[in-house]
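Asks: Got a structure for you, written out below as structure tokens; questions coming shortly.
Read the figures in this text as sums done on the coordinates, not as results from a lab. From a predicted model like this one, the values you see are computed outputs, not experimental measurements. No Cβ is skipped: glycine too gets one built from the backbone with ideal geometry, and neighbour counts run over all protein chains shown.
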Amino acid sequence: MVRTFVGLLAVSLLALSVSSGCSKARCEPCAQDSDCGSGLVCHPEFKICRAKGDKPSCPEECSKSEDCAKYGTCTLKNDRCVIGELDCSKSAQCTDEGRCTRKDLGNIGTCVTINPADCKKSTFCRTKGYCSVDRKSRLCRALSNADCELAEVCTKQKKCVSHNGECVAKAP
């Protein structure tokens, strides 16, 4: 009799869980709002259950966002997407501009250039001649004629002389 009762209880619990739909918790994968638990909605882009409202509530909302790829705001902190310790090195700011290091500037942070190698491997070095670190602005700039001479701006537009951090056609 005990075995029968336990068997009936297990079948009843299974039926109850199937009929209730077992809603998903915050940050779990979903296909639609009805998949998510009370007070949660399915994010239309990232397909995760999240809190209602416009503030991010799951790490994926930051790490998989367009702003993460472009600007390095990939880390969720206090309902905001901010620049985490290693986020700059994975962003377009690093590959394009050489801005690969996080600097703590306010709540979000910013990506800056401190390493000459980051400038040398950037798209801007190859195209614009921005191959040296400007220590004052913490940006890659064309600080010597050598920076300009191998860049596309020199080979295609004849701007091969460095002047005020830019490559120009000839010294003014």
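Asks: Could you work out how far apart the two model spin labels at Glu66 and Arg126 are, taking each label as a point 7 Å from the Cα in the direction of the beta carbon, and quote it in nm?
Replies: My value for the distance between the label points is 2.4 nm.
Asks: Find, among the GluC sites (Glu not before Pro) in segment 48-101, those assigned to loop by DSSP (not H, G, I, E, B) with at most 15 other beta-carbon atoms within 10 angstrom.
Replies: Qualifying residues, ordered by number: Glu85.
Asks: Further question on the same structure: Any lysines with Cα under 25 Å of the Lys170 Cα? List them, leaving off those in the same chain fewer than 8 positions away.
Replies: Cross-link targets: Lys120, Lys128, Lys136, Lys156, Lys158, Lys159.
Asks: Tell me, Kirkwood radius of segment 47-159 from alpha-carbon pair distances, in Å?
Replies: Across segment 47-159, the inverse of the average 1/r is 15.0 Å.
Asks: What FRET efficiency, computed as 1/(1 + (r/R0)^6) with R0 = 41 Å and r the Cβ-Cβ distance, is obtained for Asp33 and Lys77, rounded to the nearest 0.05?
Replies: Working from the Cβ atoms, E equals 0.95.
Asks: Separate question: Looking at segment 21-172, what % of its DSSP beta bridges pair antiparallel, to the nearest 5?
Replies: Of those bridges, close to 95 percent are antiparallel.
Asks: Moving on to the next point. Say R0 is 25 Å: what FRET efficiency, to the nearest 0.05, do Asp104 and Asp54 get from their beta-carbon distance?
Replies: 0.45
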